[in-house]
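The values are calculated or read from the model by the stated rules, or taken from the named source; none is laboratory data. Keep in mind it's a predicted model, so treat the numbers as computed, not measured. When we count neighbours, we look across all protein chains shown, and the Cβ atoms used for this are built from the backbone with ideal geometry, even at glycine. Just the protein is used for accessible areas: all its heavy atoms, side chains included, with ligands, DNA and RNA removed. Shrake-Rupley method; radii C 1.70, N 1.55, O 1.52, S 1.80 Å.
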Amino acid sequence: MTEIDTPIAELNIGQLLHPSDDPRSAEFTDNSDRVNAIAERSAGFIWRCVDEAATLRAEGISLYDGDPNAICTMSVWESRADLADFVLRTVHGSFLRRRATWFKPQDHRTRCYLAAALGSCSDLSRRVGQAGASKRAWRNG
């Protein structure tokens with residue numbers, strides 16, 4: 001398996017401009033289940049943390065000092081190419097291009113990690129705290 005083919009985990013953290021139940025967030029929040037379902041059917045998809053917020057709270061991890069509008073996604077893909085295809089070439093890409101409609105500007109990028117041994121949200125959140133972003137990470141941006 002080459003580095004390109006190595007499973008990769010992504011962690012994407014953002015802050016909504018408005019609460020998730022605010023009508024101004026509705027287009028994004030109303031489509032989250034649809035986009036997640038497309039991810040799960042996409043080539044190379046391995047796993048995703050289904051309730052990231054609850055899992056992180058249980059781990060004692062606070063996003064943006066407890067900002068209730070902070071959200072994240074965590075998933076594992078067979079390769080960087082599979083992740084890139086989903087992110088850029090499905091309906092996800094149209095939401096990504098319009099992220100400023102729903103999210104505050106970020107001072108960071110999506111983080112990706114080589115994920116040969118990850119198996120749970122706890123594993124990924126622990127590695128995030130220990131390792132930071134991989135130099136070999138595919139970064140959207």
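Table for the structure above
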| read-out | value |
| --- | --- |
| Residue under evaluation Asp82, criteria (1) over 18 Å from Phe28 (Cβ atoms); (2) at pLDDT 90 or above; (3) part of a loop (DSSP other than H, G, I, E, B), criterion not met | (3) |
| Some residue of segment 49-58 being among the hydroxyl-bearing types (Ser, Thr, Tyr), surrounded by 13 or more Cβ atoms within 10 Å (Cβ to Cβ) and assigned to a helix (DSSP H, G or I) | yes |
| Identity of the residue in segment 21-48, open to solvent by 70 Å² or more (accessible area, probe 1.4 Å) and touching a helix residue (DSSP H, G or I) at 6+ places or on another chain (Cβ under 8 Å), that ends up farthest from Trp102 (Cα to Cα) | Ala43 |
| Complete set of residues in segment 59-79 that are open to solvent by 50 Å² or more (accessible area, probe 1.4 Å), of a type in the set (Ser, Thr, Tyr) and in a strand (DSSP E or B) | Thr73 |
